[in-house]
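Take a look at the following structure, please.
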């Protein structure tokens, strides 16, 4: 198939959290459509020649860096024992806190989840485009307003997401 001529928009995206092996999932609803991810991958070191760039530059890869990202959604609930909410993912409470298993395993010290961003393609005559960010530590904030919002920040401890096209 040729390079798509369809420009993707926020209306094409879906975000889904999943626990270990995807036994529990939550599709984020009522979100702003402002998902972002920063792919730092590997650090790059430059070795200067007496404080100056060389030609070509002397550069090498250094330490790996995790992926970081964020999105905003609207506050609709806090916690419930019978269903999962985004707020529970942020606070590790309710059903998420009691029944979801970290992608680091049941005994993992850091609670992590997978986050999958699917960009609709089949409605446009092509395949869906899927990026999965494994091992995401979730942090964020809540803010009052019209509407009340959650800002979800994640750190995925891999260099690159898995890509399914």
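What residue among 121, 22, 43 shows peak mean-square fluctuation when the chain is described by a Gaussian network model with Cα springs under 10 Å?
Among 121, 22, 43, the largest GNM mean-square fluctuation belongs to 43.
Could you compute Rg(Cα) / (2.2 N^0.38 Å) for the chain, with N its residue count?
Values: Rg = 19.0 Å, N = 165, 2.2 N^0.38 = 15.3 Å.
Dividing the Cα Rg of the chain by 2.2 N^0.38 Å gives 1.24.
Per-residue ellipticity at 222 nm for the chain, helices alone: DSSP H runs ≥ 4 residues times -39500 (n - 2.57), over residue total, nearest 500 deg cm²/dmol? Walk me through the intermediate numbers first.
Values: 2 runs with 12 residues, N = 165.
Dividing the helical sum by the residues of the chain leaves -1500 deg cm²/dmol.
May I pose another question? Mind jotting down the distance between the C-alpha centroids of segment 58-114 and segment 128-165, whole Å?
Spelled out, the Cα-based centre of one part sits 8 Å from the other.
What spacing in nm lies between the two simple spin-label points modelled at residue 76 and residue 40, each 7 Å away from Cα in the Cβ direction?
Each label point is offset 7 Å from its Cα along the Cβ direction, giving 3.3 nm.
Output the Cα-based Rg and Dmax of segment 4-70 in Å, rounding Rg to one decimal and Dmax to a whole number.
According to the Cα coordinates of segment 4-70, Rg and Dmax are 19.8, 56 Å.
If the label point is 7 Å along Cα→Cβ of residue 143, which residues in segment 5-37 have backbone nitrogen under 17 Å from it?
Only 31-36 pass the distance filter.
For segment 10-164, calculate the relative contact order in percent as a whole number, restricting contacts to Cα pairs under 8 Å that are 6 or more residues apart. Present the calculation step by step, with values, prior to reporting the outcome.
On the way: 332 pairs, mean separation 41.0, N = 155.
Computed over segment 10-164, the figure is 26 percent.
Now a separate question. Out of 48, 15, 113, any idea which swings most in a Gaussian network model of the chain, alpha carbons joined below 10 Å?
Of 48, 15, 113, the most mobile in the Gaussian network model is 48.
Each value in this text was obtained by applying a stated rule to the coordinates, not by laboratory testing. Computed from a predicted model, the values in this text were never measured in an experiment. Neighbour counts run over all protein chains shown; Cβ positions are idealised from the backbone, glycine included.
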